[in-house]
1. With respect to PHE207, is the statement that it is closer than 23 Å to PRO38 by Cβ, of a type in the set (Phe, Trp, Tyr) and touching a Phe, Trp or Tyr at 6+ places or on another chain (Cβ under 8 Å) true?
2. What tally of residues in the stretch 139-182 results from selecting those that are among the acidic types (Asp, Glu) and closer than 19 Å to TYR44 by Cα?
3. Can you name the number of the only condition in (1) part of a loop (DSSP other than H, G, I, E, B); (2) of a type outside the set (Lys, Arg); (3) under 22 Å from CYS191 (Cα atoms) that LEU151 fails?
4. Restricting to the stretch 45-78, give me the number of residues that are of a type outside the set (S, T, N, Q) and farther than 24 Å from ALA235 by Cβ.
5. Looking only at the stretch 170-207, filter to residues that are assigned to a strand (DSSP E or B) and of a type in the set (Lys, Arg); which one of those is farthest from the chain's Cα centre (by Cα)?
6. Pick from LEU176, LEU167, LEU161, LEU151: which is surrounded by 15 or more Cβ atoms within 10 Å (Cβ to Cβ), touching a residue at least 40 places away in the same chain (Cβ under 8 Å) and farther than 30 Å from SER35 by Cβ?
7. Restricting attention to helices (runs of 4 or more DSSP H) lying wholly within the stretch 1-79, give those where 3 or more residues are modelled with pLDDT of 95 or more and within 19 Å of PHE207 (Cα to Cα).
8. Which one of these is buried (at least 18 other Cβ atoms within 10 Å of the Cβ), closer than 26 Å to THR230 by Cβ and not small (Gly, Ala, Ser): THR59, THR67, THR23?
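The values are calculated or read from the model by the stated rules, or taken from the named source; none is laboratory data. Being a predicted model, the structure only gives us computed values, none of them experimental. No Cβ is skipped: glycine too gets one built from the backbone with ideal geometry, and neighbour counts run over all protein chains shown.
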Amino acid sequence: MKHLVALALITCLGFTPADKVSTRFKAPDGYKLVSAAPGSFGAYLQNLPLLPVGTHTKTYKGSIAATDQYTAAVVDMSIGKQDLQQCADAVMRLSAEYLYQKQDYKAISFNFTSGFKCDFVHYANGYRYSNGRWVLKGKKDYSYENFMRYLTLVFSYAGTLSLEKELKPVTDANSLQAGDVFIKGGSPGHCFIVVGVAENVAHKKIFLLAQSFMPAQNIQVIQNGSPWFTPGQPANIPYGELVDKRYLRRF
């Protein structure tokens, strides 16, 4: 009885269960969502919380982003107050958030474009980056606030050039999975991350993509008429030529 009363109260107050990638985007007819292994990076991406339907993609300044016309959904994640969380930064943010919530702190590490290895454990133990090396300047702090300060440092010195080198080429495009990245390093380069995959009985796959852009903006699930993209078919979106097996990489 208590559960029924609670449910009625929630309904009356207008609350709804949190929306996420795997519930917002149903597989088209003839396809079935491919569930990532529990606890994996792919599963984390499939469960990314989304802002309400109709939410605009905004820049870090709060204005509607130029990419808003391609918005299928907006991920419920902060942008920051600086023009830093752009394309590669968003991919690194998602990877780091996944590892942080697992408390796998030793795995949180990204290379700067210079080649310097910037790992979270050094930063959390009080070290700070200075002229190509770590210098001990503070106290141990593994808090989320300090984690975000670490990411601000990473975003300042890393990008598509460094991230592309860190990721491993996917030699079998048919193995495409949530968490894979289409990336081309450059100034500017660009990248997309796969946040969902569906498959039909013939084992043909389609997939969902997310991105950030320049200037820094919300992480958005993108669409071009449909949010589902098909391997080998043109993606009529900015940098859509990168949605090709030649640019497919994996953490």
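1. Yes, satisfied.
2. Of the residues in that region, 1 qualify.
3. Status for LEU151: all satisfied but (1).
4. 6
5. Once the filter is applied, the top-ranked residue is LYS205.
6. Checking each option against the conditions leaves just LEU161.
7. So the answer is 21-24, 41-46.
8. THR67
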